[in-house]
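Below is one structure, written out as structure tokens; comments come after it.
Only the coordinates and a few stated rules stand behind these numbers; no lab work does. What you are looking at is a predicted structure, and each value in this text was computed from that prediction instead of being measured. Counting neighbours? That spans all protein chains shown, and the Cβs are built from the backbone with ideal geometry, glycine included.
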Amino acid sequence: MNEVLTDTKVKILESARKEFLEKGFMNASLRTIAANAGVTTGAMYRHFSDKNALFCALVDDAIDFTVQTVMKADVFHHADVEDAVSKEHFAQEKETTNELITYIFNNTDSFKLLLTKASGSTHEHFQEEICDLYTKNCTQTFNWMYKNKVATKKIDRMTIHFIASTVINAFTEIITHDMTKKAAFQYIENIEEFTRYGMIHMLGIPCDEHE
């Protein structure tokens with residue numbers, strides 16, 4: 001949502017944020033949103049075509065950032081790293097993870113809307129779509145590792161989906177369980193360490209090379 005917002009638009013968005021957080025997308029009232037923003041419904045429609053457009057305006061930036069972060073799971077975003085399972089590669093992953101956690105805590109309401117209030121909107125399957133994207137990128141990465149003899153074993157798609165789901169679910173639980181920022185960093189670090197060494201084992205990569 002990279003645009004200059006008028007005072008009226010800001011008031012509408014703030015009113016909508018409160019209404020959606022309280023009632024969810026399905027039960028939110030455009031009349032209530034307009035009234036609490038101090039505008040007519042006609043004035044609101046000049047800024048937003050419908051309720052879904054209003055909801056999207058509140059969450060699209062968070063979606064874009066999440067998608068960009070997940071895309072970094074693709075090995076081709078680490079072309080400058082010689083070894084796809086090197087300490088340097090894992091350091092890049094940790095930096096990306098920390099950026100996402102920080103972004104989540106700076107935009108908590110947007111993620112609450114996406115993960116707990118989006119039913120009925122065009123983004124009601126946000127978590128599943130992100131998981132599918134992460135699964136696709138992990139599959140490309142693992143196949144690249146096998147093709148380039150970094151890995152000695154191939155992992156089937158359902159197992160990759162399980163790994164991807166575990167990681168994505170961990171991030172969503174930061175919001176759904178109202179974790180503190182400190183707890184979230186530790187929790188995600190634990191999950192990533194668990195999945196990383198499991199992945200290394202399943203790919204047939206000797207663990208002692210990556211201690």
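Residue separation of ASN52 and GLU88 scaled by 0.36 nm, minus their Cα-Cα distance, works out to 8.7 nm of gained length.
Compute the signed sum of charges (Lys and Arg +1, Asp and Glu -1) over the other residues within less than 10 Å, Cβ to Cβ, of VAL39. Kindly include the intermediate steps, with their values, before the conclusion.
Details: positive: LYS9, LYS11, ARG46; negative: none.
With Lys, Arg at +1 and Asp, Glu at -1, the neighbours total +3.
Ranked by the mean number of other Cβ atoms within 10 Å of their residues, highest first, the peptides 12-23, 180-191, 138-149 fall in the order 12-23, 138-149, 180-191. Relative to the dominant Cα principal axis of the chain, helix 51-71 is inclined by about 20°.
Projecting label points 7 angstrom from Cα along Cα→Cβ for THR152 and ASN169 puts them 3.1 nm apart. Stretching MET26 away from THR41 to a fully extended chain increases their span by 3.6 nm, per 0.36 nm per residue minus the current alpha-carbon distance.
Compute the signed sum of charges (Lys and Arg +1, Asp and Glu -1) over the other residues within less than 14 Å, Cβ to Cβ, of LEU21. Don't jump to the answer; show the numbers that get you there.
Working: positive: ARG17, LYS18, LYS23, LYS112, LYS117; negative: GLU14, GLU19, GLU22, ASP109, ASP178.
So the environment of LEU21 carries a net charge of 0.
Placing +1 on the Cβ of every Lys and Arg and -1 on the Cβ of every Asp and Glu, with nothing else charged, gives the chain a dipole about its Cα centre of roughly 700 debye.
How much net charge surrounds LEU100 when only other residues with a Cβ under 12 Å from its Cβ are counted (Lys, Arg +1; Asp, Glu -1)? Present the calculation step by step, with values, prior to reporting the outcome.
On the way: positive: LYS72, LYS94; negative: GLU93, GLU95, GLU99, GLU192.
Around LEU100, the surrounding residues sum to -2.
Lysine pair count for segment 93-211 (Cα-Cα distance under 17 Å; residues 8 or more apart in sequence or on different chains): 5.
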